[in-house]
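The structure appears right after this line, and notes come after that.
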Amino acid sequence: MTNLKLEEQMDELNSLIDGEVLTDETNRILYSTDASIYQIEPLGVVLPKNKSDVQKAVEYASNNGLSIIPRGAGSGLSGQTLGQGIVIDFTKYMDRIKEINIEESYVRLEPGVTLGVLNQTLSQDNKFLPPDPSSGNYCTLGGMLGNNASGGHSVKYGSTIDYVLELEVVLADGEEIKVENLEIGSQQFKAKLNQSNKVGDIYQQILELVKNNKELIAEHTPDARKNCSGYRLDEVLADQQFNLAKLLVGSEGTLAVITEAKLRIAELPSEQAIALLYFDDLDKAGRAVDKVLELDPSAIEIMNYGFLELVRKNHADIDQRLPDDLKTALLIEFDGDSQSEIEEKILQTEELICDELGLAFEIDTAHEEAEQKKLWSVRKSAVPILNKLEGPKRITGFVEDVAVAPAKLPDYIRRFKEIMDKYEVEAIIYGHAGHGNTHPRPLLNLKQEEDIEKMEAIAQDVYELVNELNGTISGEHGDGLLRTDFIEEIYGSMYDLFQKTKEIFDPEYILNPGKIVVDTTDLLTENLRYGADYETIGVESDLEFATEYQKEVEKCHGCSKCRSVVGTDMCPVFKALGEEKAAPRAKANILRGLISGRLDYNEYLKSRAFQEVFDLCLNCKNCYLECSSEVNIPKLIMEARIQHYRQTGQPLVNRFLGASEVLGKLGSITPKLTNTFLDAAPLRGMMEKMTGIAKKRSLPEFTDNTFKEWFAGRENKADKKVAYFVGCSTNYYHPEVGKGLVQLLEANGYQVIIPDQKCCSVANLNYGNLEGVQENINYNLESLVEVVKEGYDIVADCPSCSLMLKEEQLDVVDTKEARLVAENTYHINEYLLNLKEKDELKLDFNPNEIDFLYHTPCHLKAQGLASSTEELLGFIPELEIKELDAGCCGIAGTFGLKKDKYDLSMEIGENLFKKIESSNLEKVLTDCDACRMQLEEGTGKAVRHPIEILAENLSD
């Protein structure tokens, strides 16, 4: 197909729907990967707004010989949502929960709803949807249905297929139908069979196919407690019930496209507790699983010796907890309506497994929520640890989802290890023992042909073993590109039924081709994101990276966690926009496209498209703090901006906002006149046109007397001395913060000095103005190094200033002088708490009965000081503080001052504003002056710095 014809087709499709059609180079790269090891660039992406859009897109594709690939969050591990057709992404618009019926325990929703949002909503009525994949916070219900997702608690609660009541779908020709459970012989069922159209054909042919092959289906369906491989023909007929909905669950969008689902929901258990059983032998643990299953646990997780050794090396606290002679552990969770009921089950477990059968030599229990989380952290720590391993070999998911009967699990694990030894490959083994489902991830370097061949050989050997044990090649992660090659081997002659099923629903193979039923081979090793032919162009970075710049880019494996909208603070921009390009992983994907040559480095780097993607970052650091692979996306973005603006030049608004100290000095010459100017709407309109500063943004007033002017006349001699790095905002707008800091330090016996200094230049760093930031860093280092050598510590009241001096300036100038300054710089909270630790902090505060709302700045959290303000204010008797815990406020220093970013910044802060406005508390605190500006803008309430409160309440 020529590019011209494709462009015409995409334009025509765009004219047919209410949603969006994306065909630009950027989005094709962003949708070419998911959380798997593959990369395939689509023709385009449809963002439908309604069912009609989906129907029109599928019909158009069918009429024009194009394929359709349904996509959720792109969190799949098997490449299910990749293909050279039209991707339909439901997450931006079709993400509505349409009905919640508590009395009848069901929910009706669109496929773009995430499980995290659904369960957060349902929890208000003590309900939940039980299947709990590890991606639960961010995976979509459409993806879960397409994949038949499950998780650790499926041993008790089952998989997604067990909760489906009805599905509304679009067939391959664009026809919309509803499928549900029907009683054979009922009028409704007969009506479906008697239709003389595509729907009637499907019902007639699937009924005939399943009825005529009952024995074949029973014989070849894997003996596993859960299975999401192939088509679930075994679920279509049961007890005189015919259920096409269950056939579509787990079909990965190859039979129909789901547009709405009605799902059963369950009651949330009110109590949980955990038992951790310790074994000196793998077989004993395996024998214990079947016995524990009789007690109806809600989860059984297995961790073998290699897994436990990995945890021991990386978690000293957990190492101390684990017995020395431990070889295998089972983590067992029970839930229910009462602790007494659960305690009885744990007692039964101990009596049976430890005392009567003598299988486990010790049991550890946890009833408190915090303690349970700690024990679960043992189980969940492997993948984050493995993702951080240095070297060319990376954990590779390709035989990571086998499920066998629980009784066969020890045999499978032992023989799996023999296969790994045969190929001299390391793999850590863990998984869901309750359904015999393991998640090993061998360490391979897929940039080498030798390891690609090993991957293929290992997969073949492992799946032959699975076949021998009558297990399934996928318990919960799906087939996709990863396992489709092996389905026929596992299912034998039943594979013919899969082919017939596909042809009944989709004879032209329009829907997600290349998955489950194919006429090709070698899918496992084709279209690898990193293959033997993968090369990079060798980009030199301006910033300092602990590892190579290229390696930092490639650390992102696309898990999709950064698309979470509940359960995390990242990513505030994605939460506001809901677009793939806003997610942190999008930046890594674009950069990988550049260094690998998929994108033209010189041309794309200076393009508007590049700028649009990399503008969508606040440098809040939340993604870096919460990324399980510790990819430093904020730093990669700063590097990208440096390289971009070196070619294009800095826009005026960036230069203007990066010169905050110069502007502060100018505005403070005649502060009253400046403030009058900034309050005049016509003048602000002119200013917006000239500088790009939003006229809607209320700007802080310049003070009549700057902090440094006030401090110049201050005399206070003391033996202990500390150097104060004064933020621009404190000096020019809020001198009361600096005064409070000085009062606190003087009350603790310190003489405060202010060394010669310029702005820390964090804004210039954020905007990629390397020359501007280097100038200020070098100036400050020359001064600050001297005061440190004289024995001074450095304190700052602004979280961004202290973060810059402690961490970010090392990204620019990693010298021994910069490290010396970094090692001796503290945020004021940190410094005061260190004094408390040494019993040197003056704690004589007057009682204060006022209650405060408190917002934690992102850059304070980035320094590990998230709870520091609450701890300090807790020293004031009778004072109460309520943490707002609503994420980033959205201003990001100067980001929210820009005309083209103002609305986005306010949208990001909306939840925070609502929390403040709905509270009956009027007093609001935050440690960051930019956050203060944003909170006052969004709520109209006055906001203060916590240091002011501490200083005001010092007793004489």
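Out of Leu444, Leu511, Leu482, I need the residue that is under 31 Å from the mean Cα position of the chain (by Cα), modelled with pLDDT of 95 or more and over 30 Å from Gly65 (Cα atoms). Which one?
Details: Leu511 fails: over 30 Å from Gly65 (Cα atoms); Leu482 fails: over 30 Å from Gly65 (Cα atoms).
Going through Leu444, Leu511, Leu482 in turn, the sole match is Leu444.
Residues checked against (1) in a loop (DSSP other than H, G, I, E, B); (2) touching a Lys or Arg at 6+ places or on another chain (Cβ under 7 Å); (3) loosely packed, with under 14 Cβ neighbours inside 10 Å; (4) without any contact (Cβ under 8 Å) to a residue 60 or more places away in the chain:
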| residue | (1), (2), (3), (4) |
| --- | --- |
| Leu295 | yes, yes, no, yes |
| Arg312 | no, no, no, yes |
| Asp325 | yes, no, yes, yes |
| Cys354 | no, no, no, no |
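Here is a yes/no grid of residues against (1) without any contact (Cβ under 8 Å) to a residue 24 or more places away in the chain; (2) outside any helix (DSSP H, G or I); (3) of a type in the set (Phe, Trp, Tyr):
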site	(1), (2), (3)
Phe610	no, no, yes
Leu616	no, yes, no
Asn619	no, yes, no
Arg646	no, no, no
Val653	no, no, no
Met686	yes, no, no
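Any chance you could count how many residues in region 814-867 are outside any loop (DSSP other than H, G, I, E, B), within 18 Å of Met804 (Cβ to Cβ), out of contact with any Phe, Trp or Tyr (no Cβ under 8 Å at 6 or more places or on another chain) and touching a residue at least 24 places away in the same chain (Cβ under 8 Å)?
14
Among the numbered criteria (1) farther than 29 Å from Val573 by Cα; (2) at pLDDT 95 or above; (3) not polar (S, T, N, Q), which single criterion is violated by Asp814?
That leaves (2) as the condition not met.
Give all pairs with beta carbons closer than 8 Å in which a residue from region 694-716 that is outside the structural domain of Asn675 (by TED's automatic domain parsing) meets a residue that is of a type in the set (Phe, Trp, Tyr) and part of a helix (DSSP H, G or I); count only pairs at least 6 apart in sequence or on separate chains.
Going by the 8 Å Cβ cut-off, there are no qualifying pairs.
If we only count helices (runs of 4 or more DSSP H) wholly inside region 462-569, which ones have 1 or more residues that are crowded, with 20+ Cβ neighbours inside 10 Å and basic (Lys, Arg)? Reasoning before the result, please.
On the way: elements: 480-483, 487-491, 495-505, 549-554.
In region 462-569, the matching helices (runs of 4 or more DSSP H) lie at 480-483, 495-505.
Sort out which residues of region 61-80 are within 14 Å of Glu508 (Cα to Cα) and polar (S, T, N, Q), and write them in order of number.
If the condition is that a residue be within 14 Å of Glu508 (Cα to Cα) and polar (S, T, N, Q), then Ser62, Asn63, Asn64, Ser67 are the ones that fit.
Anything in region 762-799 that is touching a Lys or Arg at 6+ places or on another chain (Cβ under 7 Å) and either within 19 Å of Asn619 (Cβ to Cβ) or in the same structural domain as His945 (by TED's automatic domain parsing) (or both)? List them, or say none.
Let us first name the residues in region 762-799 that are touching a Lys or Arg at 6+ places or on another chain (Cβ under 7 Å), namely 767-768, 776, 779-780, 792.
Selection gives Tyr767, Gly768, Asn776.
Among (1) more than 27 Å from Asn731 (Cβ to Cβ); (2) part of a helix (DSSP H, G or I), which single condition is Phe875 missing?
Condition (2) is where Phe875 drops out.
Can you list the helices (runs of 4 or more DSSP H) found entirely within region 103-164 that contain at least 2 residues being buried (at least 23 other Cβ atoms within 10 Å of the Cβ) and under 21 Å from the mean Cα position of the chain (by Cα)? So that I can check it myself, show each step before the final result.
On the way: elements: 115-122, 141-147, 154-157.
By residue number, 115-122, 141-147.
Please indicate, with yes or no, whether at least one residue in region 222-237 is crowded, with 18+ Cβ neighbours inside 10 Å, out of contact with any Gly (no Cβ under 8 Å at 6 or more places or on another chain) and of a type in the set (Asp, Glu).
For region 222-237, residues crowded, with 18+ Cβ neighbours inside 10 Å, out of contact with any Gly (no Cβ under 8 Å at 6 or more places or on another chain) and of a type in the set (Asp, Glu): present.
Within region 413-431, which residues are at pLDDT 95 or above and either in contact with a strand residue (DSSP E or B) (Cβ under 8 Å, 6 or more places away or on another chain) or in a strand (DSSP E or B) (or both)?
Scanning region 413-431 gives Phe416, Val425.
If I ask for residues that are surrounded by fewer than 19 Cβ atoms within 10 Å (Cβ to Cβ) and either over 24 Å from Val631 (Cβ atoms) or charged (D, E, K, R) (or both), which ones from region 366-391 would you list?
His367, Glu368, Glu369, Ala370, Glu371, Gln372, Lys373, Lys374, Lys380, Lys388, Glu390
Looking at Tyr767, is it among the aromatic types (Phe, Trp, Tyr), modelled with pLDDT of 95 or more and farther than 15 Å from Phe725 by Cβ? Don't jump to the end; show me each part of the working.
On the way: among the aromatic types (Phe, Trp, Tyr): yes; modelled with pLDDT of 95 or more: yes; farther than 15 Å from Phe725 by Cβ: yes.
Judged against the criteria, Tyr767 is a match.
Considering only region 775-800, state which residues are part of a strand (DSSP E or B) and either over 19 Å from Ser729 (Cα atoms) or among the aromatic types (Phe, Trp, Tyr) (or both). If you could, list the steps in order and put the result at the bottom.
Taking region 775-800 as the starting set, the residues that turn out to be part of a strand (DSSP E or B) are 793-796.
Listed by number, the list holds a single entry, Asp793.
Considering region 293-333 alone, what residues qualify as being over 28 Å from the mean Cα position of the chain (by Cα) and aromatic (Phe, Trp, Tyr)?
Answer for region 293-333, where residues must be over 28 Å from the mean Cα position of the chain (by Cα) and aromatic (Phe, Trp, Tyr): just Tyr305.
Since Glu870 meets every condition but one in (1) within 27 Å of Lys635 (Cα to Cα); (2) without any contact (Cβ under 8 Å) to a residue 40 or more places away in the chain; (3) part of a helix (DSSP H, G or I), which condition does it not meet?
(1) is the only condition that Glu870 fails.
For region 1-99, give me every one of the strands (runs of 3 or more DSSP E) that falls completely inside it and has 1 or more residues that are acidic (Asp, Glu). Let's see the steps before the verdict.
Numbers: elements: 20-22, 44-47, 68-71, 86-89.
Ranges flagged: 20-22, 86-89.
Can you pull out every residue in region 196-243 that is of a type in the set (D, E, K, R), within 38 Å of the chain's Cα centre (by Cα) and part of a loop (DSSP other than H, G, I, E, B)? Reasoning before the result, please.
Our first condition is that a residue be of a type in the set (D, E, K, R); within region 196-243, this holds for 198, 201, 208, 211, 214-215, 219, 223, 225-226, 232, 234-235, 239.
Still in the running and within 38 Å of the chain's Cα centre (by Cα): 223, 225-226, 232, 234-235.
Answer for region 196-243, where residues must be of a type in the set (D, E, K, R), within 38 Å of the chain's Cα centre (by Cα) and part of a loop (DSSP other than H, G, I, E, B): Asp223, Arg225, Lys226, Arg232.
Which one is surrounded by the fewest Cβ atoms within 10 Å (Cβ to Cβ) among residues in region 1-54 that are β-branched (Val, Ile, Thr) and over 24 Å from the mean Cα position of the chain (by Cα)?
Restricting attention to region 1-54, the residues satisfying the condition of being β-branched (Val, Ile, Thr) are 2, 17, 21, 23, 26, 29, 33, 37, 40, 45-46, 54.
From what is left, the residues that are over 24 Å from the mean Cα position of the chain (by Cα) are 2, 17, 21, 23, 54.
Values: Thr2: 7, Ile17: 20, Val21: 22, Thr23: 19, Val54: 29.
By that ranking, first place goes to Thr2.
Return yes when Ile916 is crowded, with 20+ Cβ neighbours inside 10 Å and under 14 Å from Thr856 (Cβ atoms) and no when it is not. Outline the logic, then answer.
Details: crowded, with 20+ Cβ neighbours inside 10 Å: yes; under 14 Å from Thr856 (Cβ atoms): yes.
When the stated conditions are applied, Ile916 passes them.
Looking at (1) part of a helix (DSSP H, G or I); (2) surrounded by fewer than 21 Cβ atoms within 10 Å (Cβ to Cβ), can you tell me which one Lys246 breaks?
(2)
Do the conditions hold for Leu678, that is, is it modelled with pLDDT under 95 and over 28 Å from Asp756 (Cα atoms)?
Details: modelled with pLDDT under 95: yes; over 28 Å from Asp756 (Cα atoms): yes.
Yes; evaluated as a whole, the condition is true for this residue.
Go through region 1-36 and give me each residue that's of a type in the set (S, T, N, Q), farther than 30 Å from His557 by Cα and modelled with pLDDT of 95 or more.
The answer is Asn14, Ser15.
The values are calculated or read from the model by the stated rules, or taken from the named source; none is laboratory data. Note that the coordinates shown come from a computational prediction; the quantities given were computed from them, not determined experimentally. Don't worry about glycine lacking a Cβ; one is built from the backbone with ideal geometry, like all the others, and counts go over all protein chains shown.
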